[in-house]
Amino acid sequence: MLTGYLHIGPRHLDFDNAIFAGMHFKHTLFVKVSDEGSPVLSTIITVIVRVSRINELNPIGTASAFTFSVFENSPIDTLVGKVTFTDADWPFNNMNYTIVGGNLGTPPKFYIEPDTGVIKLLDSLDRETESQYKIAVKVTDLDNDAIPDPLRQRSGTAQVAINVLVRMSHCL
């Protein structure tokens, strides 16, 4: 006959929980079992349940499209903007950003820092040649499965428009 139990840990088997991470992703149950004999015999059994992580949530952008502006003739490495995504899978916000479309030219005009989503200028811009660039950014959720599988990686995309602004020179 089960006479009682004590449960230590979150009530749901959810790996994506900061408190649960502090408990090393395990549930501990103490179960007391006793009989109806005379004298009553009982024992306490410890049951430990480890929860394996699974990548179940896609990264979500703070917007589906981002628009930034940069002056023509800005120096290489100028900050253009930052694409921002969040990921609720543990470990939180462990993502990789890549430009997957629209960044044509040799060298390309822009690059993105893979761990931050910061877009920077990689080549000079001329507003008379091109007044706006459109690029696609893919954000991939990393290291969120107990056994990594590239086919199961979750991702999201965002469209980015970069407007080239005229830099006014001094008039005589």
Qualifying lysines (Cα of each under 17 Å from Cα of K120; at least 8 residues distant if same chain): K82, K109, K134, K138
Label point 7 Å beyond Cα of T62 along Cβ direction - residues of the range 91-135 with amide nitrogen under 13 Å: 117-119
√(5λ) per eigenvalue of the Cα gyration tensor, the range 72-141, largest first, Å: 26, 11, 9
Gain on full stretching of the segment that runs from L151 to D35 - 0.36 nm per residue minus C-alpha separation: 36.6 nm
Within the range 59-75: backbone nitrogen closer than 14 Å to the K120 label point (7 Å, Cα to C-beta): 75
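Since every read-out is calculated from the coordinates, none of them should be taken as a lab result. Since the structure is predicted, the reported quantities are computational estimates derived from the model, not experimental observations. Please note: Cβ atoms are built from the backbone with ideal geometry, for glycine as well, and neighbour counts cover all protein chains shown.
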